[in-house]
Structure formats: C-alpha cells, structure tokens
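The values are calculated or read from the model by the stated rules, or taken from the named source; none is laboratory data. Predicted model, so just to flag it, every value in this text is computed and none were measured. All Cβ positions, even for glycine, are placed from backbone atoms using ideal geometry, and neighbour counts span all protein chains on display. Accessible surface is based on the protein model in full, side chains and every heavy atom, while ligands, DNA and RNA are left aside. Shrake-Rupley method; radii C 1.70, N 1.55, O 1.52, S 1.80 Å.
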Amino acid sequence: MKQELRVAAYAVIVRDHRILLARWVARDGAKRWTLPGGGMEHGEEPVETVVREVEEETGYAVEPTALLGIDSIMRGWIARIGAPGSFQGLGIVYEARVTGGALRHETGGSTDLAAWHPLDSVPGLTRVELVDVGLDLWRRRPPVGRSPRTDPANG
C-alpha cells in the first residue's frame, strides 16, 4: 500500500472581527474557502512556509505571532496506478498578523480569491473543515495544540 505524507503550514489572521481566507479551487472546479497557507518545501522551516504561502495567496506580508496547534487528517485513497493507499495531512496552524503588502488574488496557484470575512459569517460560507479547526484552535488555545479532529476529549 502506498503511503503519502503532506506537511503544510496555515495562518489564522483575524483583524477587526474579520478573518482572512483564500478560496481554494479543487481539481474538479469546486471552490471552498480555506485558511491561507500550503505545503512545505523540502528544507523549509514551517514559519517560512506560512509567511511565503500567505503572501502568495493574499498579497500580504505577515508575522506569525503564536503556534496554535497541529491538525492531522488521515484518508484512504486509490493511487493513480489503481492500488489502495493512505494519505496523511499534517497542518501546522499559526496565528499571524499583517505587517505589510496589499490584498490581491493569487494567479496560477491553488486559490483564486482572497477576502476578509466577518467572523459571524463563517458558518454560512462554503469552506473546508480546516477553517473551523483553525478558528477553534484560535479561540481555545489548547495547551498541547490538538485540533478538534485529533483531541480525544472530542470523542
């Protein structure tokens, strides 16, 4: 069975009761809001990853201010060669603040739009689960940084 691990870093950026999100475009064309961020390159530090990815997806320069937690997901999948496989995604979630730049949309990447959304409007957005995980980590600030998906207390 083929196994794949993807490590990524994401930012929760809240300003004036609004959260900065990027709209992710799936291979099938479906669009859902997500936290800005993305995959680590080999040899890159997670903090460097989140700064680079936020700038690529939103146009903003950011400074990570706190490590909020780690999100881990496991999924089964069928590999391109037709064999079963297992995918694990490990997301390192930071709180960050904007230090410069200007809002713009990514061109030629995995997202097509960046926007600020009122926090109270998030439940009504078409979004990936990572948005809820990130907001939960930002609000709760669990001491060991477990996301709701990986915290045994959430059962």
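Overview of results
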| quantity | calculated |
| --- | --- |
| Antiparallel content of DSSP bridges confined to the stretch 1-93, in %, to 5 | 70 percent |
| Residues in the stretch 99-125 that a label on T65 would reach, taking backbone N under 15 Å of a point 7 Å out along Cα→Cβ | 99-100 |
| Whole-number accessible area per residue in Å² for the stretch 3-89, which is evaluated in the context of all protein chains at 1.4 Å | 54 Å² |
| Estimated 222 nm signal from helices in the chain, with DSSP H stretches of n ≥ 4 weighted -39500 (n - 2.57), rounded to 500 | -5000 deg cm²/dmol |
| Tilt relative to the chain, helix 129-140 - C-alpha long axis, 0 to 90 degrees, to 10 | 60 degrees |
| Rounded to 10°, Cα long-axis angle of helix 46-58 versus longest principal axis of the chain | 70 degrees |
| Share antiparallel - DSSP beta bridges, the chain, percent rounded to 5 | 70 percent |
| The stretch 85-155-the stretch 1-49 distance, computed between alpha-carbon centres (Å) | 8 Å |
| Neighbour-limited loop hits for trypsin sites (Lys or Arg not before Pro), the stretch 61-152 (at most 14 other Cβ within 10 Å; DSSP other than H, G, I, E, B) | R80, R104 |
